[in-house]
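Participant: First, the structure itself, so that you have it in front of you.
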Amino acid sequence: MKITIIGTGYVGLVTGACLAELGNDVFCLDVDQKKIDLLNNGGIPIHEPGLEEVVARNRAAGRIQFSTDVAASVAHGEVQFIAVGTPPDEDGSADLQYVLAAARNIGKHMTGFKVIVDKSTVPVGTGDRVKTALREELAARGVDAGFSVVSNPEFLKEGAAVEDFMRPDRIVIGHDSSAEGLQAAALMKKLYAPFNRNHERTFWMDVRSAEFTKYAANAMLATRISFMNELANLADRVGVDIEAVRHGIGSDPRIGHSFLYAGAGYGGSCFPKDVQALERTARQYQQDLLILRAVEAVNDKQKLVLGRKVVQRFGADLAGKHFAIWGLAFKPNTDDMREAPARVLVRQLLDAGATVAVYDPVAMTEAQRVLALDLSAEELARVRFAASAMDTLDGAEALVIVTEWKAFRAPDFDRIKAALKQAVIFDGRNLFEPEVMAQAGFEYHGIGRSI
Ligand code: NAD
Ligand code: UGA
């Protein structure tokens, strides 16, 4: 099938590359000329395992193209995916300007039937707004072309995006029951048929329910994390090991093991903004989502936990003290630093007067970019971007781990001990066992593990 993807970011590029891999003829559009040039020169704008190979293979096979040409992009696809960003507005609601601009561009150029698919995460009712935008543009041109707006939210995780897209645990498709809606559903069924070979993974529903399902999923996952973080903080006070508790409750199939890891708080471009946007939707309908307000508040506090533990141990005045930080990306296997807990930790330590040496296996370039935005020149001068994990340690009072990269899971503890001024580790992702660390001669501070 001929597919257009509008927005060649995380979701758009992964969707485009994976649909090309399935044999479709994909046109990826973006407004960012630099991104398109990079892709056309064989580069890749994000770190995502496996993506570079899929893009290269399909580019070579002529199944995927990258362009900023709007008219050509609209002419290309019978199905037009909108995968642009929906960042938080000032009041926390989802900013739909990019989605609506993409819709208007389609309306400005389309001449025949198109299926417009909202893949971006959008609040309930956006499908109707996209429809209105398209109708207005068509009316302005006096063109009578049919279309249908479908909701097909994306559930991929960064760091596992290709795998998640290629092996989805579900495909949610919202469409209406008009003749165009049924025609759109038939096209979507054909497009996603390769994923449904062994068993049916698609859930068909109305557009508003599909839009809501995406927020419900992210809100539920964020709730589990904040719930565990809150319990972990209590565990620290009452002498309980949250890791034992996690196993103890996760084995109940009604609870399950995933997303129960206490840590330094959730970050990324999605949970923080989607929890806020759902709260905002509720407020527009005069409902206060008490649970989600708490989820957000707990997470904001949790991002401060590592810094607080450092201050508790070394005092509020950290002037003249140096700390090593491992892990800057908001999670492993990505270079994404949006809402990353490490940014909060760096700010806290610098505010207390410390100097830091930081390292991340892939996010160093991105870290330099975002920390230059977060910090003043004087503050930035107190941050050293180290060449390796071990290179952060010399002269540091302690090591603070924020992201659970695989490369940090079995380090050379003797080298760490020799390099640090004091053998102290703050582990924001509970990578190690407290008893093992004690035996190895470390003072170890995990999250919810003060047993
Ligand atoms: P992103 O910021 O990485 O990419 C968005 C791209 O859209 C950018 O390259 C931007 O230049 C481009 N763009 C903006 N306006 C455009 C226009 N009018 N025409 C063409 N291109 C345009 O965003 P993302 O992380 O891919 O997220 C996109 C959407 O998918 C968001 O709603 C997000 O919540 C949702 N989502 C993201 C993830 C994820 O893991 N990142 C997962 C599931 C859903
Ligand atoms: C999340 C969802 O998992 C995806 O299903 C969804 O499609 C995506 O948001 C989205 O809508 O954009 P992502 O943000 O890429 O994906 O990453 P996650 O693996 O969900 O992690 C989010 C944050 O939660 C990370 O900071 C991670 O460290 C934290 N986390 C995760 C925990 O603190 N504990 C856990 O048990 C799991």
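Participant: With n ≥ 4 as the cut-off for DSSP H runs, can you work out [θ] at 222 nm for the chain, using -39500 (n - 2.57) per run divided by the number of residues, rounded to the nearest 500? Mind dumping the intermediate values first?
Facilitator: Numbers: 18 runs with 203 residues, N = 451.
Computed ellipticity for the chain at 222 nm equals -13500 deg cm²/dmol.
Participant: On to the next question. Expressed in nm to one decimal, what extension gain is obtained for the pair His247 and Arg57 from 0.36 nm per residue of sequence separation less their Cα-Cα distance? Spell out each step's value before the answer.
Facilitator: Working: separation 190, 0.36 × 190 = 68.40 nm, distance 4.15 nm.
Once the chain is fully extended between His247 and Arg57, it gains 64.3 nm.
Participant: Once the range 212-287 is represented by equal point scatterers at the alpha-carbon sites, with solvent omitted, what log10 I(q)/I(0) does the Debye formula produce at q = 0.24 Å⁻¹?
Facilitator: Log-scaled intensity ratios, in q order: -1.07.
Participant: Then there is this: Return one number: the angle in degrees, 0 to 90 and rounded to the nearest 10, between the long axis of the Cα atoms of helix 97-109 and the longest principal axis of the Cα atoms of the chain.
Facilitator: Rounded to the nearest ten degrees, it is 20.
Participant: Quick one: P(r) of the chain from all Cα-Cα pairs, 20 Å bins, percents rounded to integers, in order of increasing distance.
Facilitator: 23, 51, 24, 2
Participant: Of the listed pairs Lys119/Lys190; Lys108/Lys189; Lys309/Lys421; Lys35/Lys190; Lys35/Lys119; Lys273/Lys303, which have alpha-carbon separations greater than 22 Å here?
Facilitator: Working: Lys119/Lys190 17 Å; Lys108/Lys189 27 Å; Lys309/Lys421 18 Å; Lys35/Lys190 30 Å; Lys35/Lys119 20 Å; Lys273/Lys303 15 Å.
In this structure, Lys108/Lys189; Lys35/Lys190 lie more than 22 Å apart at Cα.
Participant: For Glu136 and Asp37, what does the FRET efficiency come to when R0 = 35 Å and r is the distance between their Cβ atoms, rounded to the nearest 0.05?
Facilitator: Values: r = 33 Å, r/R0 = 0.93.
After rounding to 0.05, the efficiency reads 0.60.
Participant: Would you kindly state how much longer the chain becomes between Ala381 and Arg167 on full extension, computed as 0.36 nm times their sequence separation minus their alpha carbon distance, in nm to one decimal?
Facilitator: Between Ala381 and Arg167, full extension yields an extra 72.6 nm.
Participant: On a 0 to 90° scale, report how tilted helix 271-284 is relative to the longest principal axis of the chain, with both axes built from alpha carbons and the result rounded to the nearest 10.
Facilitator: Tilt relative to the chain: about 60 degrees.
Participant: Please determine, in degrees from 0 to 90 and to the nearest 10, the orientation of helix 207-238 with respect to the longest principal axis defined by the Cα atoms of the chain, where the helix direction is its Cα long axis.
Facilitator: The answer is roughly 10 degrees.
Participant: Ok, one more. In the range 152-187, whose amide N lies under 13 Å from the spot 7 Å out along Cα-to-Cβ of Ala193? List them in ranges.
Facilitator: 186-187
Participant: Could I ask something else about it? For Thr365 and Glu200, what is the calculated FRET efficiency with R₀ set at 41 Å and r taken between the beta-carbons, to the nearest 0.05?
Facilitator: Details: r = 42 Å, r/R0 = 1.03.
E between Thr365 and Glu200, to the nearest 0.05, is 0.45.
Participant: A further question on this structure: If I model a spin label as a point 7 Å beyond the Cα along the Cα-Cβ vector, how far apart are those points for Lys406 and Glu78 in nm?
Facilitator: Here the answer is 4.1 nm between the modelled labels.
Participant: Then there is this: With the cut-off at 1.5 for a/c, could you classify the range 225-445 from its C-alpha gyration tensor as rounded, prolate or oblate? Before the final figure, lay out the partial values.
Facilitator: Values: a/c = 1.83, a/b = 1.28, b/c = 1.43.
Cα axes put the range 225-445 in the oblate bin.
Participant: So, one more: Show me 131-142, 221-232 ranked by packing, highest mean number of other Cβ atoms within 10 Å first.
Facilitator: 221-232, 131-142
Participant: Going by average Cβ density within 10 Å per residue, which order do the peptides 425-433, 405-413 take, highest to lowest? List each step's numbers first, then the result.
Facilitator: Working: 425-433: 22.8, 405-413: 15.1.
Result, highest mean Cβ count within 10 Å first: 425-433, 405-413.
Laboratory data are not the source of any read-out in this text; all were calculated from the coordinates shown. All of these numbers come straight from a predicted model, not from anything done at the bench. A quick note on method: Cβ atoms are made from the backbone with ideal geometry, for glycine too, and the neighbour counts reach across all protein chains shown.
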